[in-house]
């Protein structure tokens, strides 16, 4: 039997993404216990793949195929590899100015509510999100890393539109730079609300003034108030911008230059050039990020909140506008 990366206590909380029934573990799969459903979901390298293929952009075969073709994808030209290494050491166009502090607050609130909280990370990525390092080093918090592909960090593959866990499973949820990539962010937030325990904590940051950065899997942007409306069933602890107008301007400059070229090689050179010539714009964010005009022109916004049973009325919502256009 394949060893699962998710701990056994949470295995009991996993649910079929097709009908939300409990799952049974066999040698190499998880099978729905509902006889009328009975769908079997594969386990690959200890990672459970729980996707409802009839209600998702993604198919299980494609996800497994990506894993099987991993070796082929690594055989890139030396020139492309050089470009990738160069981009890693070049200055960034933006810096998340608040995530580390917000995550510390997120952790403090969780520990006030529970000694050993469980936190779901949706879209964990191959590298840790900005600011996550310190709290993920905290052994008193158990993190469940999920993504839409199989890699070293995640224990589960799932689609955020149907989170395959029982109601009220988690003490906290983190969804960083993900909601712009889902077809229906409102449905995803409803799912987050469902799997959070009473008074559970949510942290989200999502782009506003950013160009397309995941090709066909890039759908939506949110103003600060629009992002707050997305989490209208949550009580706000704090919210604001994490990437300011300086970063937004640097991104716009980068994509303006990219609009002149098409080939991958040319685009890589443009990205390097843009970083070398526009990285300094992000330093304006230290001054602008919390100003009213900065809220209106931010590159990305965040929300830290607590699950409630109250839905904020629209009239109350618009009173929370903090921009410069009074």
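Computed from the coordinates by the stated procedures, all read-outs in this text should not be read as laboratory data. Computed from a prediction, not measured in an experiment: that's the story for all the values here. Cβ atoms come from the backbone with ideal geometry, glycine included; neighbour counts cover every protein chain shown.
Extending 7 Å from Cα along the Cβ direction at residue 199 and again at residue 108 yields two label points whose distance is 1.7 nm.
The label point for residue 258 and the one for residue 311, both projected 7 Å from the Cα toward the Cβ, are 3.7 nm apart. If you take the alpha carbon atoms of the stretch 140-208 and fit the smallest convex hull around them, that volume is 103 Å³ per residue.
For the stretch 225-266, the square roots a ≥ b ≥ c of the C-alpha gyration tensor eigenvalues yield an a/c of 1.5 or more together with a/b exceeding b/c, which makes the shape prolate. One chain, two ends: residue 186 and residue 319. Fully extended at 0.36 nm per residue, the span grows by 45.8 nm beyond their Cα-Cα distance. Counting every alpha-carbon pair across the chain, the share separated by more than 37 Å comes to 20%. In terms of its C-alpha gyration tensor, the stretch 194-321 comes out prolate, because a/c is 1.5 or above and the ratio a/b outweighs b/c. Length gained on full extension, residue 272 to residue 88, computed as 0.36 nm times the residue gap minus the Cα-Cα distance: 65.2 nm. Based on every Cα atom in the stretch 144-265, Rg and the maximum pairwise Cα distance Dmax equal 16.3, 51 Å. Ellipsoid fit via the Cα gyration tensor, the stretch 16-62: semi-axes of 16, 15, 7 Å, each the root of five times an eigenvalue, largest first. For an R0 of 22 angstrom, estimate the FRET efficiency from the Cβ-Cβ distance between residue 45 and residue 25 and round to the nearest 0.05. After rounding, the FRET efficiency stands at 0.90. Length gained on full extension, residue 142 to residue 236: 31.4 nm, using 0.36 nm per residue less the C-alpha separation. Each label was represented as a point 7 Å from its Cα along the Cα-to-Cβ direction; for residue 217 and residue 36 these points are 3.3 nm apart.
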